[in-house]
Amino acid sequence: MERETWGSKLGFWLAAAGSAIGLGNIWRFPYLAGSNGGAAFVFIYLLIVLTIGISVMLAEFTIGRHTNLNAVGAFQKLKGGPWQIAGWMGVVAGFVILSFYSVIGGWTIKYILSSFTGMISTSTDSTSYFLSFIANGPQTVLYHAIFMAITIFVVYRGVGKGIENTCKILMPALFLLLAILIIRAVTLPGALAGINFYLNPDFSKVTGATILAALGQAFFSLSLGMGCMITYGSYIKSKKESLPRAAATITLLDTAAAFLAGFVIFPTVFAFGATPSAGPGLTFITLPKVFALMPGGQIWSALFFLLLAVAALTSAISLLEVVVAYMIDNAKWSRQNAALIIGGAILLLGIPSALSQGAMTINIAGKSFLDFLDFISNNILLPLGGLLIALFVGWVIPEIAKKETTAHGTFGFQSVWIWICRVVAPVAIFVIFLGGLGLF
Ligand code: PFF
């Protein structure tokens, strides 16, 4: 059977942007920026994204389009031997990340619905609302299953009919929702204090740890280091498409979405005198509190959580596709069986994550099951995968990579790119890796 491809260049761009723009952009980036020196963090993040991020993305597209294979198959075809491990780690990472990503995706669906059922009210304490929801085992598992079912459905339908068509509708919708929410947020009385907090550069807050946080965030946000962009690149039909331009466009869209999400969150939080808190709390506890004080708060809350759910879904699809593509290419499964069986297995692995947030005590190495999987994938699998991908392109297949990135025409930064892959990215990633493990 003929291998599937994207129907159009725009379809591919929107699917890849859909993968990149996710929970990482909308809840993680604004919080990280806000607590790590504001504009100073944004500046460092930009620097990293525009050098290492964009280069590793281009490396993944190159490997993908050249081989037309999934992450494991691509390494096997090009070199084999121990390099296959890079592909394997990607498939494992896709499996593991989706299992807990979908749990949080489920929370966003619950919060869209809850916006209309009493959560957004000044008499509701949003902290206890959130804590009692995540401690409700049957509910968190149910919403996780709903989120997984939608993800499976899209991947089941295929690359063009499922992933591409879904992203072609959802990505413009996402940018529209983001625009509406930004306009609402920045026109609130008192919004300026939030913008000042977000953008005031405070270089005294920049430490080694800040740079590590920015590096780790860049990888997760751009969907790099686990063969996701190899897989999406493998569905590009034409050698005439410019891979450098695709990598630049997707990197810019992802960065813009992250940066702009801060203009929704901080003005809203500051306009009502709340203080920005950490991680999931900012989104699931602070924002509902703030929406409760806003005229039309139920609608704004529903729109915001819809934005988050859409962003999460288009990323979840890409995580599942990494594993499904492997089963189709290498194990010769049908797409339908792969989507259902692999999706079902991920659903099961997600259950302990869903339950570990308060319903039961499921700890590994002193962390909840969800936090443990998050830690393993973000701090070990993704950085190590990114390191291997950069080294592979820089040292093992530089001639293939040079041809692949000029098949459409010229590529002015080619030698800069190759050297980033050879030296700059591996060294920098090695540093995040050790830092993420707390080794210095
Ligand atoms: N980039 C997604 C986000 O920012 O939420 C998460 C992600 C998707 C990571 C796909 C890795 C991946 F392969």
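The values are calculated or read from the model by the stated rules, or taken from the named source; none is laboratory data. This one's a predicted model, so the numbers in the text were calculated from it and none came from an experiment. In this analysis, Cβ positions are derived from the backbone assuming ideal geometry, glycine residues included, and neighbour counts consider all displayed protein chains. Calculation scope for accessible area: heavy atoms of the full protein, side chains included, ligands and nucleic acids excluded. Shrake-Rupley method; radii C 1.70, N 1.55, O 1.52, S 1.80 Å.
The condition of being open to solvent by 10 Å² or more (accessible area, probe 1.4 Å), within 13 Å of the ligand (Cβ to nearest atom), out of contact with any Phe, Trp or Tyr (no Cβ under 8 Å at 6 or more places or on another chain) and of a type in the set (A, V, I, L, M) holds for only one of 89, 1, that being 89.
Taking the stated definitions as given, is residue 381 within 13 Å of the ligand (Cβ to nearest atom), of a type in the set (A, V, I, L, M, F, W, C) and at pLDDT below 95?
Numbers: within 13 Å of the ligand (Cβ to nearest atom): yes; of a type in the set (A, V, I, L, M, F, W, C): yes; at pLDDT below 95: yes.
Yes.
Pull up the range 262-275, narrow it to residues that are assigned to a helix (DSSP H, G or I) and either of a type in the set (S, T, N, Q) or surrounded by fewer than 23 Cβ atoms within 10 Å (Cβ to Cβ) (or both), then point me to the one that is nearest to the ligand (Cβ to nearest atom). Filtering first and then ranking leaves 263. Condition first: within 16 Å of the ligand (Cβ to nearest atom), open to solvent by 10 Å² or more (accessible area, probe 1.4 Å), over 19 Å from residue 104 (Cβ atoms) and outside any loop (DSSP other than H, G, I, E, B). Can you find one or more residues in the range 309-322 that meet it? So far as the range 309-322 goes, no, none of its residues is within 16 Å of the ligand (Cβ to nearest atom), open to solvent by 10 Å² or more (accessible area, probe 1.4 Å), over 19 Å from residue 104 (Cβ atoms) and outside any loop (DSSP other than H, G, I, E, B).
Residue-wise test of (1) out of contact with any Leu (no Cβ under 9 Å at 6 or more places or on another chain); (2) of a type in the set (A, V, I, L, M).
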residue	(1), (2)
88	yes, no
95	no, no
100	no, no
105	no, no
109	yes, yes
112	no, yes
115	no, no
121	yes, no
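In the set (1) open to solvent by less than 10 Å² (accessible area, probe 1.4 Å); (2) within 16 Å of the ligand (Cβ to nearest atom), the condition left unmet by residue 259 is number (1).
Only helices (runs of 4 or more DSSP H) wholly contained in the range 131-235 count here; list those with 3 or more residues that are under 22 Å from residue 353 (Cβ atoms). Steps first, answer last, please.
On the way: elements: 137-157, 165-186, 191-199, 208-221, 228-233.
Where helices (runs of 4 or more DSSP H) fall fully within the range 131-235 and carry at least 3 residues being under 22 Å from residue 353 (Cβ atoms), they are 137-157, 208-221.
Residue count for the range 292-308, restricted to those that are open to solvent by less than 20 Å² (accessible area, probe 1.4 Å) and either in a helix (DSSP H, G or I) or within 16 Å of the ligand (Cβ to nearest atom) (or both): 7.
Do you know which residues across the range 208-237 are small (Gly, Ala, Ser), more than 9 Å from the ligand (Cβ to nearest atom) and at pLDDT 95 or above? Selection gives 233, 234. Residues that are more than 24 Å from residue 71 (Cβ to Cβ) number at least 1 in the following helices (runs of 4 or more DSSP H) confined to the range 327-440: 335-355, 369-376, 414-419, 425-436.
Look at (1) within 21 Å of residue 148 (Cβ to Cβ); (2) free of Cβ contacts under 8 Å to residues at least 24 places away in the same chain and you find that residue 312 fails only one, number (2). Got at least one residue in the range 50-62 being more than 19 Å from the chain's Cα centre (by Cα), over 28 Å from residue 263 (Cα atoms) and either touching a residue at least 24 places away in the same chain (Cβ under 8 Å) or not in a helix (DSSP H, G or I) (or both)? Looking for residues that are more than 19 Å from the chain's Cα centre (by Cα), over 28 Å from residue 263 (Cα atoms) and either touching a residue at least 24 places away in the same chain (Cβ under 8 Å) or not in a helix (DSSP H, G or I) (or both), one finds at least one in the range 50-62, hence yes.
Within the range 106-130, the residues that satisfy the criterion of being under 27 Å from residue 317 (Cβ atoms) and part of a helix (DSSP H, G or I) are 106, 107, 108, 109, 110, 111, 112, 113, 114, 130.
Residues checked against (1) under 17 Å from the mean Cα position of the chain (by Cα); (2) in contact (Cβ under 8 Å) with a residue 24 or more places away in the chain; (3) closer than 17 Å to residue 314 by Cα:
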residue	(1), (2), (3)
221	yes, yes, yes
251	yes, yes, yes
271	no, yes, no
283	yes, yes, no
288	no, yes, no
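Considering the range 351-379 alone, what residues qualify as being free of Cβ contacts under 8 Å to residues at least 60 places away in the same chain and not hydrophobic (A, V, I, L, M, F, W, C)? Passing the criteria: 352, 356, 361, 363, 366, 367, 368, 371.
Is at least one residue of the range 24-36 over 23 Å from residue 207 (Cα atoms), part of a helix (DSSP H, G or I) and open to solvent by less than 20 Å² (accessible area, probe 1.4 Å)? Checked against the condition, which is being over 23 Å from residue 207 (Cα atoms), part of a helix (DSSP H, G or I) and open to solvent by less than 20 Å² (accessible area, probe 1.4 Å), the range 24-36 yields at least one hit.
Here residue 15 qualifies as within 13 Å of the ligand (Cβ to nearest atom), closer than 22 Å to residue 160 by Cβ and touching a Lys or Arg at 6+ places or on another chain (Cβ under 9 Å). Checked against the criterion of being within 16 Å of the ligand (Cβ to nearest atom) and open to solvent by 10 Å² or more (accessible area, probe 1.4 Å), the candidates 72, 96, 141 yield just one match: 96. The residue pairs whose first member lies in the range 198-217 and is more than 22 Å from residue 20 (Cβ to Cβ), whose second member is open to solvent by 70 Å² or more (accessible area, probe 1.4 Å) and part of a helix (DSSP H, G or I), and whose beta carbons are closer than 8 Å, counting only pairs six or more residues apart or on different chains, are 201/43. Taking (1) closer than 30 Å to residue 354 by Cα; (2) of a type outside the set (D, E, K, R); (3) in a helix (DSSP H, G or I); (4) away from the ligand (no atom under 16 Å from the Cβ) in turn, residue 47 satisfies each apart from (1). Would it be correct to say that residue 110 is surrounded by fewer than 18 Cβ atoms within 10 Å (Cβ to Cβ) and either touching a helix residue (DSSP H, G or I) at 6+ places or on another chain (Cβ under 9 Å) or of a type in the set (D, E, K, R) (or both)? For residue 110, the condition - surrounded by fewer than 18 Cβ atoms within 10 Å (Cβ to Cβ) and either touching a helix residue (DSSP H, G or I) at 6+ places or on another chain (Cβ under 9 Å) or of a type in the set (D, E, K, R) (or both) - is not met.
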